[in-house]
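For reference, the structure discussed in these notes is given below.
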Amino acid sequence: MHYAEIADIYEKIEATTKRLEMTDLLVQLVKKTPRDLIDRVVYLTQGKLYPDFVNLEIGVAERLAIRALARASGWPEEKIEENIKQSGDIGETAQKFIEMKRQITFFQQPLTVNRVYDTLDKMARATGSGAVDMKTALLAGLLSDAKPKEAKYIMRTVTGSLRLGVADMTVLDALAIAYGGSKEARELIERAYNISSDLGRVARVLAYEGIEGIKRFHVIVGNPIRPMLAERLSSPEEILEKLGGKCIAEYKYDGERVQAHKKGDEVTLFSRRLENITDQYPDAVKLLRTHVKAEEAILEGECVAIDPETGEMQPFQELMHRRRKYGVEKAMEDYPVSLFMFDALYVDGKDLTLEPYPVRRRFLEEVIEESERIKIAKSIITGDVKELETFFLEAIEDGCEGLVCKSIHGDSVYQAGARGWLWIKYKRDYKSEMTDTVDLAVVGAFYGRGKRAGTYGSLLLAAYNPENDTFETVTKCGTGFTDEDLMKLPELMKKHVVEHKHARVNSLIEADVWFEPAVVIEVLGAEITLSPIHTCAMDLVRKGCGLAIRFPRFTGNYRLDKAAEDATTVNEIAEMYQRQLKKIAEV
């Protein structure tokens, strides 16, 4: 299969503003891809070589890419740099300079998907003193044989700015239609993805074994399971009513959620976003290796920073000191951690994801040998409103965010990759309107004036609608940004810039700059109001109106641990608005 066939589809995907059209184009791509290449094509379309949990990135800096393009095109690096500043897109620049390259390439070979993938893989694996030169030579070799359009997407891929904005869920729709005959097969395929976090593997099984192969799909230690998420409510009465009158309530610790995979003495830790963070927490790895009695297990817990002098729990921000490649030993001394485990997803050959929560909890209690530094999350089982409220206040007093209340009924399975009412967050912040922060996706920006000339004056933010996989605008935010924030925003957002409103963004507002939904920031507002111009929950509360957050302020927290699809949902915003109205009526 020639890489040009992929590049043609990418160009059409980039040009469309319609999600259904994007899906149709992906279906075309999947159908024309030979089955022995389907995993590679899926990964390339995601802008990567492997699933996120495999710590192998192409890792090409812009400077290296410019050098390779100069070598392939015969143009000076200075000219290429100048054009990138004008275009703002290294891919467009590559296309232009390959079109007018000054040197003839003898014996030019058409690029195949295998050649592109294998070359990028060699670049990703290049290490040591000669790595930069090797990467430059490999990339220049590809660009020398590339057609202009191919050069555009190769260059974007290697620099981590493919910009297609193709969501995993859109790829799943395309796979369901191409291999399952319709979207009806989507549920089975999505479960396979949710328990493996590997779209390439799912696509390959589909290509070779069809839906029957997907039915046999199973959990594998080392492949992270997409995390189950919780809804939110603001009172014990609502929570108990929603959970059938009785629940298990657990402390909600203010730490980093981790999914631990143990196979013998080997322990791997994955973040909420399924990144391999094992190297950041060698102390947590040691705790799990010595205190998990199972030979093989997949367990979930919260990694919490502890004051080394008092032993008290520290806020989440303290854990950010552990997000480093170097100086880990010193950080481990200054910011030690404890583990609070709350779920068991797999133990010694048994997949527990379809078991009710009380069964999973029982397995967890059997395999964890508790100590001062590793414990099972503190919990009670209750159907009493006062007892739940008292336990909530106790959790706050102990330095936690609040509670997670979980269903204990027969249907309380682990909903991998989903947000549902089997788990409900109860945090102190939710007891009054908009004192709680929301996490919103950055989908657009407006140029600044005066002091903010030359950067962005405000950002267009959106909530996520999981029902149709779109982002609906809810506010414009220009307050709370420091001078440093304003300076780095254009650079932070640079690789996410798209030429027009993204196909997954629902907006009535015209931004000066559009972004693919990728970056999430934390915002605090004064109140939620009806809005004729914002599309969040449009027509849900009143015909012709959406919901908007008034007087938003950036808290300074870039939620780099969250994907855009983990942003606060449209339904959550609507529920916050309804609770606000209810409280006003009571007054």
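Structure summary
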quantity: Selection count where residues are touching an Asp or Glu at 6+ places or on another chain (Cβ under 9 Å), modelled with pLDDT under 95 and of a type in the set (D, E, K, R), scope segment 253-282; calculated: 5
quantity: Filtered residues of segment 341-384 (kept if small (Gly, Ala, Ser), in contact with a helix residue (DSSP H, G or I) (Cβ under 7 Å, 6 or more places away or on another chain) and farther than 20 Å from residue 417 by Cβ); calculated: 371, 383
quantity: Residues located in segment 379-390, provided they are surrounded by fewer than 17 Cβ atoms within 10 Å (Cβ to Cβ) and either touching a strand residue (DSSP E or B) at 6+ places or on another chain (Cβ under 6 Å) or not basic (Lys, Arg) (or both); calculated: 380, 381, 383, 384, 385, 387, 389, 390
quantity: Members of segment 109-146 that are in contact (Cβ under 8 Å) with a residue 24 or more places away in the chain, over 15 Å from residue 71 (Cβ atoms) and in contact with a helix residue (DSSP H, G or I) (Cβ under 6 Å, 6 or more places away or on another chain); calculated: 109, 111, 113, 116, 117
quantity: Single residue of 469, 439 found to be on the phi > 0 side of the Ramachandran plot and within 19 Å of the chain's Cα centre (by Cα); calculated: 469
quantity: From the options 239, 225, residue that is closer than 30 Å to residue 579 by Cα, crowded, with 19+ Cβ neighbours inside 10 Å and either in the same structural domain as residue 381 (by TED's automatic domain parsing) or modelled with pLDDT of 90 or more (or both); calculated: 239
quantity: Some residue of segment 322-337 being surrounded by 15 or more Cβ atoms within 10 Å (Cβ to Cβ), at pLDDT below 95 and part of a strand (DSSP E or B); calculated: yes
quantity: Residues being free of Cβ contacts under 8 Å to residues at least 60 places away in the same chain and either farther than 14 Å from residue 564 by Cβ or in the same structural domain as residue 426 (by TED's automatic domain parsing) (or both) - total across segment 437-466; calculated: 11
quantity: Any chance residue 52 is under 30 Å from residue 222 (Cβ atoms), among the acidic types (Asp, Glu) and modelled with pLDDT of 95 or more; calculated: no
quantity: Residue in segment 513-550 that is surrounded by the most Cβ atoms within 10 Å (Cβ to Cβ), counting only those that are part of a loop (DSSP other than H, G, I, E, B) and in contact with a helix residue (DSSP H, G or I) (Cβ under 8 Å, 6 or more places away or on another chain); calculated: 536
quantity: Residue that is crowded, with 17+ Cβ neighbours inside 10 Å, closer than 21 Å to residue 194 by Cβ and of a type in the set (A, V, I, L, M, F, W, C), where the choices are 42, 54; calculated: 42
quantity: Exclusive hit being more than 19 Å from residue 7 (Cα to Cα), more than 29 Å from the chain's Cα centre (by Cα) and surrounded by fewer than 19 Cβ atoms within 10 Å (Cβ to Cβ), set 62, 82; calculated: 82
quantity: Total residues in segment 48-67, condition of a type in the set (A, V, I, L, M) and under 15 Å from residue 92 (Cα atoms); calculated: 2
quantity: Residue identified as touching a Lys or Arg at 6+ places or on another chain (Cβ under 9 Å), more than 19 Å from residue 57 (Cβ to Cβ) and in a helix (DSSP H, G or I) among 109, 95, 86; calculated: 95
quantity: Qualifying residue in segment 518-534 (condition: at negative phi, free of Cβ contacts under 8 Å to residues at least 60 places away in the same chain and in contact with a Phe, Trp or Tyr (Cβ under 6 Å, 6 or more places away or on another chain)); calculated: no
quantity: Search result, residues across segment 15-37 that are assigned to a helix (DSSP H, G or I), of a type outside the set (A, V, I, L, M) and within 22 Å of residue 112 (Cβ to Cβ); calculated: 28, 31, 32, 35, 36
quantity: Flag if residue 375 is in the same structural domain as residue 277 (by TED's automatic domain parsing) and closer than 30 Å to residue 187 by Cα; calculated: no
quantity: Of the criteria (1) in a helix (DSSP H, G or I); (2) over 24 Å from residue 276 (Cβ atoms); (3) of a type outside the set (Asp, Glu), which one residue 129 fails; calculated: (1)
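The values are calculated or read from the model by the stated rules, or taken from the named source; none is laboratory data. Computed from a predicted model, the values in this text were never measured in an experiment. With ideal geometry, Cβ positions are generated from the backbone for all residues, glycine too; neighbour counts draw on all protein chains shown.
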